[in-house]
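**Student:** For reference, the structure I am asking about is given below.
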Amino acid sequence: MPSIKFLILAAAVSFGLYACKNNDTMDARDALIPKPVSVTKSSGAFKLTKDTKIILVGEQPELGRLGKQLAERLNVLTGLNFVVAKGSGGESKGDIVLRTDANSPDLGEEGYTLKVSNDMAVLAANQPAGIFRGMQTIFQLLPVTSENANWSIPGVGISDHPLYAYRGSM
């Protein structure tokens, strides 16, 4: 008859192996850091292609710098050549839109909304600081690697803003 120590050891090893298994079904939308205030998953994904443009809607000069930063990082990750262009507010199919005309008091200066569908990705904020934080979320949603150059952002609706006026640690 097996001893109690052997049974406990077998259970611990089994649990350890189970915890370390490769979970291919892990969804990037579940692992965002910091966790957004609201995440709504939707079907489909926005595919990045050689024709995808980054459209800027807003008057802040920082928005242009952020658009270029997004394009440069996506160019390095994907090997595609993203173009940054000024927009008038009408989103086009196949584009990533950065907007600083959200006019939402709930978002504050650092909050953002991100809506990703099959047709486009729209990142909206009141201020460029919100656009910057939303860009970090986009980077987390992208796959680490892509087979057959299939770069896509999963369909999602995210709303996020700081819960406290300042950040710190204890």
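**Student:** So, in the range 82-108, exactly how many residues are closer than 17 Å to G44 by Cα and open to solvent by 70 Å² or more (accessible area, probe 1.4 Å)?
**Tutor:** Kept after step one, since they are closer than 17 Å to G44 by Cα, are these residues of the range 82-108: 93-96.
Now restrict to residues that are open to solvent by 70 Å² or more (accessible area, probe 1.4 Å): 93.
The qualifying residues number 1.
**Student:** What about E59, is it of a type outside the set (S, T, Y) and without any contact (Cβ under 8 Å) to a residue 24 or more places away in the chain? So that I can check it myself, show each step before the final result.
**Tutor:** On the way: of a type outside the set (S, T, Y): yes; without any contact (Cβ under 8 Å) to a residue 24 or more places away in the chain: no.
No, not satisfied.
**Student:** Same structure again: Quick one: which strands (runs of 3 or more DSSP E) lie wholly within the range 13-111 and hold at least 2 residues that are at pLDDT 90 or above, of a type outside the set (A, V, I, L, M, F, W, C) and at negative phi? Walk me through it before giving the result.
**Tutor:** Working: elements: 38-47, 53-57, 83-86, 96-99.
Filter on the range 13-111 gives 38-47.
**Student:** Test of understanding: among L141, L66, which residue is in contact with a Pro (Cβ under 7 Å, 6 or more places away or on another chain), open to solvent by less than 20 Å² (accessible area, probe 1.4 Å) and over 25 Å from D30 (Cβ atoms)?
**Tutor:** On the way: L141 fails: over 25 Å from D30 (Cβ atoms).
It is L66.
**Student:** Select, from N81, N75, N103, the only residue that is closer than 20 Å to V144 by Cα, free of Cβ contacts under 8 Å to residues at least 24 places away in the same chain and not hydrophobic (A, V, I, L, M, F, W, C).
**Tutor:** Working: N81 fails: free of Cβ contacts under 8 Å to residues at least 24 places away in the same chain; N103 fails: closer than 20 Å to V144 by Cα.
Step by step, each of N81, N75, N103 is checked, and only N75 is closer than 20 Å to V144 by Cα, free of Cβ contacts under 8 Å to residues at least 24 places away in the same chain and not hydrophobic (A, V, I, L, M, F, W, C).
**Student:** Moving on to the next point. Is it the case, given these coordinates, that F46 is under 17 Å from the mean Cα position of the chain (by Cα) and open to solvent by less than 20 Å² (accessible area, probe 1.4 Å)?
**Tutor:** On the way: under 17 Å from the mean Cα position of the chain (by Cα): yes; open to solvent by less than 20 Å² (accessible area, probe 1.4 Å): yes.
Here the answer is yes, as F46 does meet what is asked.
**Student:** With the condition kept exactly as written, say whether any residue in the range 161-170 is buried (at least 17 other Cβ atoms within 10 Å of the Cβ), at negative phi and modelled with pLDDT of 95 or more.
**Tutor:** no
**Student:** Can you tell me which condition Q60 does not meet? The list is (1) surrounded by 12 or more Cβ atoms within 10 Å (Cβ to Cβ); (2) of a type outside the set (A, V, I, L, M, F, W, C); (3) out of contact with any helix residue (DSSP H, G or I) (no Cβ under 8 Å at 6 or more places or on another chain), and all the others hold.
**Tutor:** (3)
**Student:** Only one of G134, G155, G111, G79 is open to solvent by 30 Å² or more (accessible area, probe 1.4 Å) and closer than 26 Å to A31 by Cα. Can you tell me which? Even if it seems obvious, please write down each step before you answer.
**Tutor:** Numbers: G134 fails: open to solvent by 30 Å² or more (accessible area, probe 1.4 Å); G155 fails: open to solvent by 30 Å² or more (accessible area, probe 1.4 Å); G111 fails: open to solvent by 30 Å² or more (accessible area, probe 1.4 Å).
The match here is G79.
The values are calculated or read from the model by the stated rules, or taken from the named source; none is laboratory data. None of the values given here were measured: they were computed from a predicted structure. All Cβ positions, glycine included, derive from the backbone under ideal geometry; neighbour counts span all protein chains shown. Just the protein is used for accessible areas: all its heavy atoms, side chains included, with ligands, DNA and RNA removed. Shrake-Rupley method; radii C 1.70, N 1.55, O 1.52, S 1.80 Å.
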